[in-house]
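Below you'll find the structure, written out as structure tokens, and then a few comments.
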């Protein structure tokens, strides 16, 4: 009767040893595959950072237009650069005023509402200045250029799933 538990324990230990060996082989194989993948002579591709600034977006819009229309857009942007920069600066200052009012101690809800209303007005003014600039450029563009402008951003539209 004492022999049976010893044999059962030995068989159990054998299965445990095979299981441990299998897990070790699996982890060594996975580590080897990762090491092999990242040790290749081909360097990994670097991901370019996308600039989301206003100037970069307007430049991407102009670059997507036909050459003559691109010149028209860039010329109009240079012509209205001071107006756009002033409206953008007013917007940033109004956003800072909202942040400041939210952090104020003691908190004043009326002051925050006033700052938020001024921020809305600054946002509307910024949008109006930018839209006027784009409309002035579009008035001088060809039909093809205006259609390209209407379709912008084309790359985002093509990436959307069909409904």
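Read-outs: derived from the displayed coordinates by stated rules, not from any lab. Everything numeric here is computed off the predicted structure, so don't read it as measured data. Glycine gets a Cβ as well: all are built from the backbone with ideal geometry, and neighbour counts include every protein chain shown.
Roughly what would the spin-label model give for residue 112 and residue 57, points 7 Å off Cα along C-beta, in nm?
2.7
Could you give the length gained on full extension between residue 37 and residue 147, defined as 0.36 nm per residue of separation minus the Cα-Cα distance, in nm?
35.0 nm is the gain from fully extending residue 37 to residue 147.
Report, please, the projected area of region 54-159 averaged over directions, based on the convex hull of its C-alpha atoms, in nm².
Dividing the Cα hull surface by four gives the mean projection, 8.0 nm².
Going by average Cβ density within 10 Å per residue, which order do the peptides 136-149, 50-63, 18-31 take, highest to lowest?
Going from most to least packed, we get 136-149, 50-63, 18-31.
What is the extension gain from residue 27 to residue 139, computed as 0.36 nm multiplied by their sequence separation minus the C-alpha to C-alpha distance, in nm to one decimal?
Values: separation 112, 0.36 × 112 = 40.32 nm, distance 6.54 nm.
Gain on stretching residue 27 to residue 139: 33.8 nm.
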